[in-house]
Each structure stands twice: as C-alpha cells, then as structure tokens.
Amino acid sequence: IDLGIPIWIHASANMSPQIPMDYGHPTFIDKVAVQFPQLKIIAGHAGWPWVTEMVAVAWRHPHVYLDISGIRHKYMGLPNTGWGPLLHYGNSVIQDKILFGTAWPLLPLDRAVQEVKELPLKEHVLAKWLGENAKRLLGL
C-alpha cells in the first residue's frame, strides 16, 4: 500500500489435485479487499469458474481489478462457457477494471490480442481492456 504497487492474487480454479480448488474463490479476494481498502488488488484469471461472484467483488470494491490472463480469450465469447457475466458487466459497469493478460508462451501475443478484438465489446471498452485500464492503474 505504501508503495502504491498493486498485488496480483490467483482467483480461479486451481488445477492441482493436491490443493483445494476453492482457495481461488472470489470470497477470499472480497475479504482481503474489505480489510485493506487502499490496497490495489488484481484478481487473476477473472475468477473463472466463479465469474459472477468475481464480477460482484470487482463491482463493489473500487480497488479490485480483474485480469484476463491464462485463458483463451476466444472462449470468453462463446455461449455457456461461464464468461457471459464478465462480457456483460465488463462492457458496462466494470469496464474500467478489466486488464489484458495472456497465456504466453502458450499463446502468442498477437493471437491473444486478436482474440480479444473479436469479443463483442464496444470499441471504447476494447481500448480500455487492451491497455488504458492498466496504464491508469499503474500510473503510466
């Protein structure tokens, strides 16, 4: 907090069979956000499979952001994948809180950017997701 540096917290399913999956549940991000309202928090992977809950946490806390790293962005635009709430609210009330990220080196950067550009986002929202939000968060 003193340095103004955001922290990144894993907020998604953990694929390790040795660790309980719910450690990445948005409820834990919410508890940290309540206790540390000045701490800038980036919730990694946007909370999938708990996307609706993660959207609610980001909506209620001005200092919580969501990144869309570690996933294939093309799946976000497909029906019944669980990403619908992120696209809906990320195109409106939390449009200033979504940060682009990749699954590099598994997916080349240019391909990841292209997949985000193909999502059903408003043009000005797309610009925010692809960099403007990160610049503002990081003070660049």
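The values are calculated or read from the model by the stated rules, or taken from the named source; none is laboratory data. The shown structure was predicted, so the numbers you read here are calculated from the model rather than taken from an experiment. FYI the Cβ positions are ideal-geometry reconstructions off the backbone, even for glycines, and counts take in every protein chain you see. Calculation scope for accessible area: heavy atoms of the full protein, side chains included, ligands and nucleic acids excluded. Shrake-Rupley method; radii C 1.70, N 1.55, O 1.52, S 1.80 Å.
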Could you give me the residue pairs with C-beta distances under 7 Å whose first residue belongs to region 115-133 and is open to solvent by 40 Å² or more (accessible area, probe 1.4 Å), whose second residue is modelled with pLDDT under 95 wherever it lies, and which are 6+ apart or on separate chains? 118/74; 118/77; 120/77
Residues of region 91-109 being under 14 Å from residue 45 (Cβ atoms) and either at pLDDT 95 or above or touching a Gly at 6+ places or on another chain (Cβ under 6 Å) (or both), in sequence order, are 98, 99, 100, 103
If I filter region 75-85 for residues that are β-branched (Val, Ile, Thr) and surrounded by fewer than 21 Cβ atoms within 10 Å (Cβ to Cβ), do I get at least one hit? yes
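Being β-branched (Val, Ile, Thr) and surrounded by 14 or more Cβ atoms within 10 Å (Cβ to Cβ) narrows it down to one of 1, 98, 5, so name that one. Quick ask: steps written out before the conclusion?
Values: 1 fails: surrounded by 14 or more Cβ atoms within 10 Å (Cβ to Cβ); 5 fails: surrounded by 14 or more Cβ atoms within 10 Å (Cβ to Cβ).
Step by step, each of 1, 98, 5 is checked, and only 98 is β-branched (Val, Ile, Thr) and surrounded by 14 or more Cβ atoms within 10 Å (Cβ to Cβ).
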State whether the residues of region 97-113 include one that is among the aromatic types (Phe, Trp, Tyr) and without any contact (Cβ under 8 Å) to a residue 40 or more places away in the chain. yes
Could you count how many residues in region 86-95 are surrounded by 14 or more Cβ atoms within 10 Å (Cβ to Cβ) and not in a helix (DSSP H, G or I)? 2
Which of (1) open to solvent by 60 Å² or more (accessible area, probe 1.4 Å); (2) at pLDDT 95 or above; (3) in contact with an Asp or Glu (Cβ under 8 Å, 6 or more places away or on another chain); (4) not acidic (Asp, Glu) does residue 72 not meet, given it meets every other one? (2)
Any residue in region 70-82 that's on the phi > 0 side of the Ramachandran plot: show its pairings with residues that are β-branched (Val, Ile, Thr) at Cβ separation under 7 Å, as long as the two are six or more apart or on different chains. 82/51
Selection from region 101-114 of residues that are in a helix (DSSP H, G or I) and either among the polar types (S, T, N, Q) or surrounded by fewer than 19 Cβ atoms within 10 Å (Cβ to Cβ) (or both): 109, 110, 111, 113, 114
